[in-house]
Amino acid sequence: MDIASRTEAQLHAFLTIDGQGAREAARQADADLADGIDRGPLHGIPVALKDNMCTRGVETTAASQILAGYIPPYDATVVTRLRSGGAVIVGKTNLDEFAMGSSTENSAYGTTYNPWDLSRVPGGSSGGSAASVAAGSSLLAFGSDTGGSIRQPASLCGVVGMKPTYGTVSRYGLIAFASSLDQIGPFARTVGDSALALASIWGYDPLDSTSYQGEYPNPDASLDRGVDGLRIGVVTELSGDGFEPAVEAATTDMVARLEKAGVKVSEVSLPTFDIALSAYYLIAPAEASSNLARFDGIRYGLRVDGATTEELMARTRAEGFGPEVTRRVLLGTYSLSAGYYDAFYGQAQRVRAAIQEDFARAYEQVDVLVSPTSPTVAFEAGARTADPLAMYLSDICNIPANMAGHPAISVPVGLDEAGLPIGFQVMAPALGEEVMYQVAAEVERLAGFEISPRVLEGAA
Amino acid sequence: MSWEPVIGIEVHVELMTDSKMFCGCAVDFGGEPNTRVCPTCLGLPGALPVTNRVAIESIMAIGLALDCEVSDRSVFHRKNYFYADLPKNFQISQFDVPVCHDGHLDIEVDGETRRIGIERAHMEEDTGKSTHLGAGGRIHAAEGTLLDFNRSGVPLVEVVSRPDLRSATESRVYAQELRSIVAELGVSDARLEEGSIRFDANVSIRPDGDHALGTKVEIKNMNSFRSLERAIAFEIERQIGVVDSGGEVIQETRHWDEETGVTHSMRVKEGSSDYRYFTEPDLVPMVMTTEWVAAIEQRLPELPGHRRARYAAQGVAEGTAGVLSALDADLRRLYDEAVLSGASPQSAANWITGEVVAWVRKAGIEAREVALDGPSLAELIEMVDEGSVSSSAAKEVLDGVLSGEGRPREVADQRDLLQMRDAGTLEKAVAEVLAAHPRAIEEFGAGEEKVVGFLVGQVMKATDGKADPRLVNQLIRERMSG
């Protein structure tokens, strides 16, 4: 809380800081420990939540005007698990409105800035969570990743961010963007913390029908195994045009170090990765257009009156949604429309199936796939806001794992010449969190990365 | 030119499960508005649906009762449209893979059996209810609208017939038959007045002998079987009128007005027909295993159509069989037990559909409380057949049995209702009457038949009405002819 009070004026990582709730939770955590009750690894740990996870009694807006002042009457399953694990929830972090964006500039409540360079974006959409962990105003934070929204900001902020296998973390209480792609995951300062954070939130939830009911991996146990004998595939398609030289160099360097550590490296081509982005921008907006239909001014949130119900709904939505959300709702509505469905949504679903087949073929040859997390380091605020396509390309490395429902993690591996962090992505097959963390832990050891964001220098 | 009406009916059945389709809220009627709601059925941000297994079993039962195929695998789709009482602004419904498909229902109209195809039965969720204030409850010019989401998310089965119906009467009979099946299955309240069964009809006409379908008109707002029949009859005539006067039927939705007895066009909103269906990503496909389907099939009760056929085969007249079949299960069991105890099926059916039902209604009790069992009813019928009691006395015996006074013979004895059948006693009484009326014998000899009736009456009078009139009649004839 102390760090937050020193950094928030510059970062704006939080939309709500719940000082009272946090102090109460902290006191309870102390009291429990005094009574000999240990709630596990997150007991007493300050955590931050992306503001698209419902928290009972605490305003939850998804960074949208349309939910201004909305106070949920229930906790998301992840929040319930964190509370029962003794975590101290310090507040709700900023995001691109409804998690649509890659820079947190689409928030209706103002941009979050990158702790390493305050003129730059933290990435997005979970930019507030990433910035908060980098700055130290929370030790762990949770975000949601629909098409890179955890990994890309983790990369830009120099922290560890991971997206679990689809279905392993309950989506109950997560304000949906694209239901078949959304997945909650942790931001942490180390790979080990990330594994502990994941273990605290995942598991079968009867309230989420897509929740996985089988055996869960044990990533914590794999951290110290080393990588000797593992097979790693470097994705051909995730390099070249659009990738900054420093990013490519850091990736190549890490792959070389892994090889030295005993890994068998090969180049793997997944041709469908080239069209994954296009397919994603049909599927995700289509689902979003339906998921966001409920924000109509009738039952909660913003209401702009009109002469008829239709007019009330239309005005509320026109005023309540920002331009990027409006763009995606229109795009999605169009791609589901009669006469266009087959050419757009239907075709995108076929591409999605082809991506899954590509992955399956690749994982016959290698244990994990690696790539840069983001083609670039953190970019200047405002640099891509006028060009949606340039912004969409920020997630080019991340989207395939979402389309397949696979886990992926970003680990910081170094800084570019301007002192901006570079992330390294490790992807694994569904439920392959053990081997993924095994490699991530080795990457972390080899990189020896130190989190030293500039925001703390001035603030200290 | 003469025209053939072509009608298809969509029936919405609200299931009476304990909880709603996709959340744990209770399913019930009435109550304070917005008290049976939760994040899921209110469409709050972040809430997710979980499929109610019992509802799936109910739709499987309905499908099986209609001889449908049950899909091995079925998926939910989102039907997207904006409406204030639809909290998510999409309805979770089904599109191309319904739970049940391709069945049929046999109906009897004017003594003829007609097989009506069932295209599909799919599962969906109900909407909330809007109440428009002022303006006589109409949406236009209403002062305001109240929303009650108690009904939101109640499981709804939609049964879609093929366009196999050919008249308003057939349509009404089809709807009634479907209602009785759903009631029999016990999966719904099946009450029209509470809206737990609702009908829409698709009506078109085509020249006699044509096979192509004409332009269809959908009719809504029919709240009773009578209004369904009237609305369809009106619509057929309206369409014939339109084409006969050189016009063309346009595809539209029309609203039935019960008071004026006409259908009128509803102002349909632009673009409302594109529901942008896509697979509901928050739910996983349902898998209906062969074992599961078989278990549901095994639990199916005897259905009204089968039951009527069985009664008829036992010798019950068609009309009585229909009435009996529609009675409460306890009364039908009484019939089965009486027949098993040796009663003639027609007599048992007559007694139950007549006197027993009347008595139960008058007493205001439930059928299951009736103090009459199958063997007792069979005994009563036997007593009438053998002449121990007159048919009017038998009704009194029944009253005694139903009032808990004992078995029929005991009651007849206690209430002194047994007919005098002792030959010696009766012969003596007959001899006395004949002796007192010598002219009657002469008249009989001259061919005056009706004098027998007079003499029987005299004997009955002499015996305080207890003599068996048939036996007396027989004795008098013997004596006079002798």
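Hey, among the residues in region B:284-298 that are farther than 16 Å from residue B:52 by Cβ and part of a helix (DSSP H, G or I), which one's nearest to the other protein chains (Cβ to nearest Cβ)? Steps first, answer last, please.
Taking region B:284-298 as the starting set, the residues that turn out to be farther than 16 Å from residue B:52 by Cβ are B:289-291, B:293-295, B:297-298.
Okay, now just the ones that are also part of a helix (DSSP H, G or I), so B:290-291, B:293-295, B:297-298.
Values: B:290: 22, B:291: 20, B:293: 21, B:294: 25, B:295: 22, B:297: 26, B:298: 28 Å.
Per the criteria, the residue is B:291.
Would you please name the residue that is farthest from the other protein chains (Cβ to nearest Cβ), looking only at residues in region B:120-139 that are farther than 26 Å from residue B:45 by Cα and assigned to a strand (DSSP E or B)?
B:121
Wholly within region B:19-119, which strands (runs of 3 or more DSSP E) include no fewer than the required count, namely at least 1 residues that are under 30 Å from residue B:176 (Cα atoms) and away from chain A (no Cβ under 11 Å)?
B:90-93, B:100-109
Looking only at region B:229-259, which residues are surrounded by fewer than 16 Cβ atoms within 10 Å (Cβ to Cβ) and either assigned to a loop (DSSP other than H, G, I, E, B) or at positive phi (or both)?
Within region B:229-259, B:245, B:246, B:247, B:248, B:250, B:251, B:258, B:259 qualify.
So, in region A:273-290, exactly how many residues are within 14 Å of chain B (Cβ to nearest Cβ) and charged (D, E, K, R)?
1
Can you tell me which residue in region B:38-55 is farthest from residue B:20 (Cα to Cα), limited to those that are of a type outside the set (Gly, Ala, Ser) and surrounded by 21 or more Cβ atoms within 10 Å (Cβ to Cβ)?
Per the stated criteria, the residue is B:45.
Restricting attention to region B:386-400, and to residues there that are more than 18 Å from residue B:469 (Cα to Cα) and in contact (Cβ under 8 Å) with a residue 40 or more places away in the chain, which single residue is surrounded by the most Cβ atoms within 10 Å (Cβ to Cβ)?
My answer is B:398.
Residue B:428 fails exactly one of the following numbered conditions: (1) touching a residue at least 24 places away in the same chain (Cβ under 8 Å); (2) outside the structural domain of residue B:342 (by TED's automatic domain parsing). What is the number of that condition?
(1)
Tell me, which residue of region A:291-335 that is modelled with pLDDT under 95 and facing chain B (nearest Cβ under 8 Å) is surrounded by the fewest Cβ atoms within 10 Å (Cβ to Cβ)?
Result: A:310.
Can you name every residue in region B:338-367 that is in a helix (DSSP H, G or I), touching a residue at least 40 places away in the same chain (Cβ under 8 Å) and farther than 12 Å from residue B:398 by Cβ?
Hits for region B:338-367 are B:338, B:367.
I'm trying to understand the selection: among the residues of region B:66-83, which are in contact (Cβ under 8 Å) with a residue 60 or more places away in the chain and either surrounded by fewer than 20 Cβ atoms within 10 Å (Cβ to Cβ) or not hydrophobic (A, V, I, L, M, F, W, C) (or both)? Show your work before the answer.
Going residue by residue through region B:66-83, those that are in contact (Cβ under 8 Å) with a residue 60 or more places away in the chain are B:66, B:70-81.
Scanning region B:66-83 gives B:71, B:72, B:73, B:74, B:75, B:77, B:78, B:79, B:80, B:81.
Under 9 Å between Cβ atoms, which residue pairs at least 6 apart in sequence (or on different chains) link something in region B:111-124 that is of a type in the set (Ser, Thr, Tyr) with a partner that is buried (at least 18 other Cβ atoms within 10 Å of the Cβ)?
If the second residue must be buried (at least 18 other Cβ atoms within 10 Å of the Cβ), the pairs left are B:113/B:107.
Among the residues of region B:401-411, is there at least one that is in a helix (DSSP H, G or I) and exposed (fewer than 13 other Cβ atoms within 10 Å of the Cβ)?
Initially, region B:401-411 is screened for residues in a helix (DSSP H, G or I), giving B:401-402, B:408-411.
Those left that are additionally exposed (fewer than 13 other Cβ atoms within 10 Å of the Cβ): none.
For region B:401-411, residues in a helix (DSSP H, G or I) and exposed (fewer than 13 other Cβ atoms within 10 Å of the Cβ): absent.
Go through the residues of region A:115-128 one by one and say whether even a single one is closer than 22 Å to residue A:162 by Cβ, over 17 Å from the mean Cα position of the chain (by Cα) and of a type outside the set (Ser, Thr, Tyr).
The first filter runs over region A:115-128 and keeps only residues closer than 22 Å to residue A:162 by Cβ, leaving A:115-116, A:121-128.
With the extra rule that they be over 17 Å from the mean Cα position of the chain (by Cα), the set shrinks to A:115-116.
The next check asks that each one be of a type outside the set (Ser, Thr, Tyr); those that pass are A:115-116.
So far as region A:115-128 goes, yes, one or more of its residues are closer than 22 Å to residue A:162 by Cβ, over 17 Å from the mean Cα position of the chain (by Cα) and of a type outside the set (Ser, Thr, Tyr).
Against the conditions (1) over 23 Å from residue B:279 (Cα atoms); (2) surrounded by fewer than 19 Cβ atoms within 10 Å (Cβ to Cβ); (3) away from chain B (no Cβ under 14 Å), where does residue A:270 fall short? Just the number, please.
For residue A:270, the failing item is (2).
Please specify each residue of region A:336-357 satisfying the condition of being farther than 25 Å from residue A:387 by Cα, surrounded by 21 or more Cβ atoms within 10 Å (Cβ to Cβ) and not aliphatic (A, V, I, L, M).
A:352
The values are calculated or read from the model by the stated rules, or taken from the named source; none is laboratory data. Owing to the predicted nature of the structure, the values given are computational and were not obtained by experimental measurement. Please note: Cβ atoms are built from the backbone with ideal geometry, for glycine as well, and neighbour counts cover all protein chains shown.
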